[in-house]
Amino acid sequence: MDKENATFEEQDKVEDELIDEQEKLTDNLEKIELEEKKQVSELEKKVAELKDLYVRSQAEIINIQKRNTDEIKKARDYSISSFAKDIVVVQDYLEMALKDQSGNFEAIKTGIDLTLKQLIQVLERHYIKEINPKPKDKLDPHLHQAVNAVENKEHEPNSIIEVMQKGYMLNDRVLRPAMVVVAK
C-alpha cells in the first residue's frame with residue numbers, strides 16, 4: 001500500500017505542479033492581455049489625436065488658401081490705386097488748362113509744360129520708363145518695333161533712322177515698344 005500511496009502522492013504532486021503552472025500561465029496570459037489592451041487603448045488615443053490634428057491642419061490649410069485668394073484679389077484690384085491717385089492729379093491739371101478762356105497762349109503752354117513734367121514724375125514714381133532710342137542706335141527687337149525700313153547710305157543696316165513713337169517699360173517689362181524707322 002505504501003507504494004500506492006507514494007504513487008498517489010507523486011500524482012498529486014505532479015497535478016499540483018501542473019495546476020500551479022497552469023495558474024502561472026493563466027496569470028501571465030491575463031497580464032499580457034491587460035498589457036495589450038493598454039497598448040491598444042494608447043494607440044487608439046494616439047490615432048484619435050492624430051486624426052484630430054489632421055482635420056485641424058486641413059481646415060487651417062483651407063483657411064490659409066482662402067485668405068491668400070482674398071489677398072491676391074485685393075492686391076490685384078487695388079494695386080493700381082496709388083497710380084490712379086497720382087494720375088488723377090494730372091487729369092485735373094489738363095482739365096484746368098482746357099477751361100482757361102484767357103487766350104494767353106504762353107500761360108496755357110506753361111501750364112501744359114508743368115502738367116507734362118507732373119506726368120513724367122508720376123510715371124517715374126511708378127517705375128514706368130521711356131524707351132526713346134537715338135538715331136544710329138541698333139534695332140533691338142525686344143525694345144523697338146520697326147514700322148518701316150528705308151534705304152539710307154548714312155546709317156548701317158538695322159540701325160534706327162527715326163523714332164515715330166516712344167515706347168515704355170514697367171520695371172523691366174516692355175509695355176509698348178518704341179516705333180522706329182530703320183535703315184535697310
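Values in this text are rule-based calculations from the coordinates and carry no lab data. Every value quoted in this text rests on a predicted model; they were computed, and no experiment measured them. Glycine gets a Cβ as well: all are built from the backbone with ideal geometry, and neighbour counts include every protein chain shown.
Overview of values
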quantity: Nearby aspartates and glutamates by direct alpha-carbon distance to Lys134 (threshold 17 angstrom, same-chain neighbours under 8 apart not counted); calculated: Glu154, Glu156, Glu162
quantity: Extension reserve of the Lys73-Val88 stretch, reckoned as 0.36 nm per residue once the Cα distance is removed; calculated: 3.1 nm
quantity: Value of relative contact order over the chain, rounded to a whole percent, pairs C-alpha under 8 Å and six or more apart; calculated: 14 percent
quantity: Whichever lysines have a C-alpha closer than 22 Å to that of Lys138, once near sequence neighbours (fewer than 8 apart) are set aside; calculated: Lys129, Lys153, Lys166, Lys184
quantity: DSSP-defined beta bridges in the chain - what % are antiparallel, rounded to 5; calculated: 65 percent
quantity: Separation of the Val40 and Asp137 label points, Cα + 7 Å toward Cβ, nm; calculated: 8.2 nm
quantity: Cα-centre dipole for the stretch 75-184 with unit charges at Cβ (Lys and Arg positive, Asp and Glu negative), debye to 20; calculated: 240 debye
quantity: Net lengthening on full extension, Ala107/Glu49 (0.36 nm per residue, minus Cα-Cα); calculated: 13.0 nm
quantity: Candidate aspartates and glutamates for bridging to Lys38, where Cα separation is under 19 Å - those fewer than 8 sequence places away on the same chain excluded; calculated: Asp27, Glu30, Glu49
quantity: Longest DSSP-loop-exposure-free segment, GluC sites (Glu not before Pro), the chain, at most 14 other Cβ within 10 Å; calculated: 1-150
